[in-house]
Structure formats: C-alpha cells, structure tokens
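Asker: Questions regarding the structure given below will be posed in turn.
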Amino acid sequence: MKNIKQKILIILATLSLVIGFFAVPAGVFAAVTVDEAIDSGTSKILSTGKLADDWQSLGVARSNTPASKEMRQARYNDIVAYLNQSDRLSATDFERTIIGVVSIGGDPTHIPEATTHKNLVEELYQSNAMNSGVNAIIYGLLALQTKEYAVPENANFSIQEMVDKLLSLQKADGGWALGGAVGDVDMTGMAITALAKYKDMPGVSTALDRSVAWLSSVQLKSGGFKGWSNENSNSLSQALMAITLTGNDPKGALFTKDSDMITALMTYRTADGGFKWLPTDTQSNGMALEQALYALTQYKFYLNGSGSIYDFVNNPVPQLIETPVEPDPSTEEPSSSAEPGTEDSDSSDSNSSDSNSSDSNSSDSNSSDSNSSDSNVSSEDSSTTTSISDGSNENTEETISDSEGSSNVEKNTTDSSGAGIIEDTDSSTTAPSKEADEEAVQNTSNNANSDNAKSLPSTGEANDYMFLSVLLGASMLLVGVFFLAKNKRKQNN
C-alpha cells in the first residue's frame, strides 16, 4: 500500500512539473495578439517621427493607428524631392511610388510640385514594364489595382497583357522565381498577391490553385517557409499575403504542419515590438517589420472580409487633401471657403505622395533569403539628399533595371526601425490642420475594424490569458515540488 501511494505521488508530481513547464512559456507567448503585434510594430515605426519608405507607409496606413497628417505631409515632401532629383526612373520605381503615394492619401496622377514626374500612372503605362522582369509585372499589377485609373491612349500595355505575361512566367512546379526552373516562396507569394484580384480572368484561377498547392507542399514543419536557403520571416510574410488573398486560412489544415503560419510568424516578434529576419537573430530588422506588419494587417482584412490591403477604393485611407464642400446655391450668401481643416488646392499639401528613398526603400519581396525585392533602382543623380543610416542589419534585395529584364543584386543597409532614413528637404511646409487629421484618424479607425476580427481576442484579453496561464504553471510547479519533497520525507522515515 505504501508503494502504491509513493507511485501516485511521483505520478502527480511529474504531471504537475510537465504542466507547469509548458504552461508558463505558453502564457508568455499568449501575451501578444495579432492586434497587439500590429499596434506595437506600428508604434515602433511611428516612434522614429517619419515614414521612411513606401512599405512603411502601406503597413501603417492599414494598421489600427494611421500616421498623423504632419508625418504624411513630410513623406510627401520627401517624394517630391526624390522625383525632382531623378531624371530616369525604372518601371518599378513608378510602381512602388504609386503604392506609397496612395498609402499616405495622395493622388499619383496629379503631383503638381514635381517638375517632370507629375503623373506617375501615365508614366508607368508608358514605361518598359513588360520587359523589365517578373518584379515589374508583379508590382505593376499591384500599383494599378490600388485605384481605378484611366488608361492613357499611348499606353504600352494593358492589365490583361500584364496578367497574361505573369501567367506565362509560372514555373512547372506552380511557383514563380526571379530565374531558373524552380519556384521560390517570395516571388510566388508576390505573384499570387498580384493575381488574386484577377481570378476571373482566363487561366488565373487554375494558376492560383497550382501555386497555393505548391506553397503548402514546401511549408516547413514549423509553419514557416524558406527563402533561397534559410527559413525567415520575410518569406513567411509574403506567403501569408498570398494565402489570405486567395481565401485560404493560414491557421487551417492546409497550412498547418506542426504549427500554423500565424503562430510561426509571431515567433519572430522581438521585445521592442519589431520583427527579426532569421529565427536565430536577436535584433529586430526594419525590412522584416515592414513586411510582417502589412502581412498581419492583410490577415485581419481576410478575417473581416475586407478584401485586399492594396484596394484603396473599397478600403480608403485618410486623405491629405479633403474634398472641398460645394456651396449650396439655394443660400443667399454662399461661402467661398472650404470647411475648416481643408487646404486650398494650391497648397503644398496637395496630392501627397509617398516619396521614395533612392537605395533606401525596403522591398516588398525577399531575395537571397532576405528580400527578393521591390526592384528598387537607385537614382544616378549625385545630388540626391537620401542618406542611409549606419544600422547593423543588412538585407540583400534584388534590383531589376529598366532594360530587357536584366537584374543585379545590391546591398541595402537598414537600421533596426526601418529601411533607410530620408532627410527632409522642405522645411518650409506649413503644418496641416489638426481638425482634418483627427477626422482622418477616426475614418481609418472605423475602416480597420480593430479588435473584433473572427477568433482574435480583444486587445488586452490575451493579457488575462497570460496571467492565468502563468499562475497555473507556477502553481503546478509548486505542487510538483511539494509532492516530490513529501515523497522524499516519507522515504527517509
């Protein structure tokens, strides 16, 4: 009888210890929800006091906390300076700039402050995008689907032609790649993201099904993905974009191995609110944060049924220039001024744009495991004011030139809070009104549907889970130690 009691005590002690060891770390992990990860990542970017590039602008625009009007205006000033210093822009320069301009509430078809590049959409249509590599096709489709743009008469291509060209570049395994016969995760994720809007066009749905199946087949047991050789968060972020835009659940059976995609991505989060690139990294990485941020916001869009983060028609963001209120003709003394908080159409706030930092824009794709690229081509103008910080994190990004699809790889040094830092070249800009900014923030908050997405705990709710889990774990550890001590005393007696 005594032996039976001892065995029972040992079993209870062992179970208590096991539960305790697993419950405590589980509680710590549960401390961060998707919403909280988005909020802390956004806060890390905004704490720098400026939007450093197009992809930060996109991620922050789709977060729960939009950038202030002053910050978006400063970004606009930067892009105007960039455009005025750049005599020659590649197709991908126009494409990422369009995405960035729309993200901060500007109009890429009307940039009056620019000396030559006043209509980026028209210049994109007149560019050599169709012969500038797979990146140019992908980002061309993404840029042109942000709004409903008029196609100029002298356009060199159509949306249909771009779709057909991208379909023709799909590899036999179902993926896409910068080169070679085998697909890679980053380019495949980006291609799917670009094609998802056009699933009703001939051949697109079949191509998407093949590519989604391929992504599932190469997913790692951890729930993550490899780039060219290393498992990394950027590849996972691009895959997450693709999976959610095709209506697949990243936490569902198809994309859950030993773990699911969302759980895997959250393991890359760092204590400062950022995201790291490699699992073994100890510091956050600017490019990894940007991509994780907009990928997580796309996941929320998927849960809320909001469509694509690249759709600014159905998912508008705060505008730098509010639409003036037309005077009521029935009134005796119509006012000629706009509502308080609006600016005159000639002000420098007009048609804000997301200025592109030459050589410092982090790309939306991953190359050499670090970011295959947004195909950023650096400006050859030596007078550019762009400066790159001396941070320790480097991301290799693929750069596609304007000529017949040729490419080269360049190093893009980023600091821990984002890609390169662009110096403000226009200090004379008048600060926009607070009233318009507050209204814009409210509008974006309503669009974000924060904290009510399917299966996402409300912000703060997870902290209760963490407390209970840690408390349970600590209690079970104490119970286990107590049983073991009690059993040892009985054996000594």
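The values are calculated or read from the model by the stated rules, or taken from the named source; none is laboratory data. Keep in mind that what you see is a predicted model, and the values were worked out from it rather than measured. Cβ placement follows ideal geometry from the backbone for every residue including glycine, while neighbour counts extend to all protein chains displayed. With ligands, DNA and RNA removed, areas are computed over all heavy atoms of the protein, side chains included. Shrake-Rupley method; radii C 1.70, N 1.55, O 1.52, S 1.80 Å.
Asker: Can you pull the percent of segment 66-221's accessible area that's carbon plus sulfur, 1.4 Å probe, other chains left in place?
Answerer: For segment 66-221, the apolar C and S fraction of the accessible surface comes to 51 percent.
Asker: Determine the relative contact order of segment 98-138: mean sequence separation of Cα pairs under 8 Å and six or more apart, normalised by residue count, in whole percent.
Answerer: 24
Asker: For a quick size check, give me the Cα extents of segment 123-251 along its three principal axes, largest first, whole Å.
Answerer: Rounded to whole Å, the extents work out to 51, 28, 24 Å.
Asker: Within segment 106-243, what is the number of lysine pairs with alpha carbons under 28 Å apart, leaving out pairs fewer than eight places apart on the same chain?
Answerer: Lysine pairs meeting both conditions in segment 106-243 amount to 15.
Asker: Using a basic spin-label model with each label point 7 Å from the Cα along Cα→Cβ, how many nm lie between Met201 and Thr263?
Answerer: For the pair Met201/Thr263, the computed spacing is 3.8 nm.
Asker: A further question on this structure: Which of the peptides 131-137, 100-106, 111-117 is most tightly packed, and how do the rest follow, going by the mean number of other Cβ atoms within 10 Å of each residue?
Answerer: By packing density, highest mean first, the sequence is 100-106, 131-137, 111-117.
Asker: Mind ranking 203-209, 147-153, 52-58 by how tightly packed they are, going by the mean number of other C-beta atoms within 10 angstrom, highest first?
Answerer: 52-58, 203-209, 147-153
Asker: Can you list the residues of segment 100-139 with backbone N under 18 Å from a point 7 Å past the Cα of Asn156, pointing along Cα to Cβ?
Answerer: Zone members listed by number: 117-139.
Asker: For segment 51-179, count the residues as N, evaluate 2.2 N^0.38 Å, and divide the Cα radius of gyration by that value, please.
Answerer: Cα Rg divided by the expected 2.2 N^0.38 Å: 1.10.
Asker: In addition: Taking N as the number of residues in segment 80-155, what is its alpha-carbon radius of gyration divided by 2.2 N^0.38 Å?
Answerer: Output field value: 1.00.
Asker: If the label point is 7 Å along Cα→Cβ of Val313, which residues in segment 190-224 have backbone nitrogen under 20 Å from it?
Answerer: So the set is 193-202, 204-205.
Asker: Solvent-accessible area per residue for segment 216-315 at a 1.4 Å probe radius, Å²?
Answerer: Result: 32 Å² of accessible area for each residue.
Asker: Going by Cα centres, segment 35-88 and segment 241-283 are how many Å apart?
Answerer: What the calculation gives is 23 Å, centre to centre.
Asker: Okay, moving on. Could you provide, to the nearest whole Å², the per residue accessible area of segment 65-167 with probe 1.4 Å?
Answerer: Accessible area per residue, segment 65-167: 31 Å².
Asker: Zone of Ser168 (label point 7 Å along Cα→Cβ, backbone N under 20 Å): which residues in segment 118-143?
Answerer: Answer for segment 118-143: 125-142.
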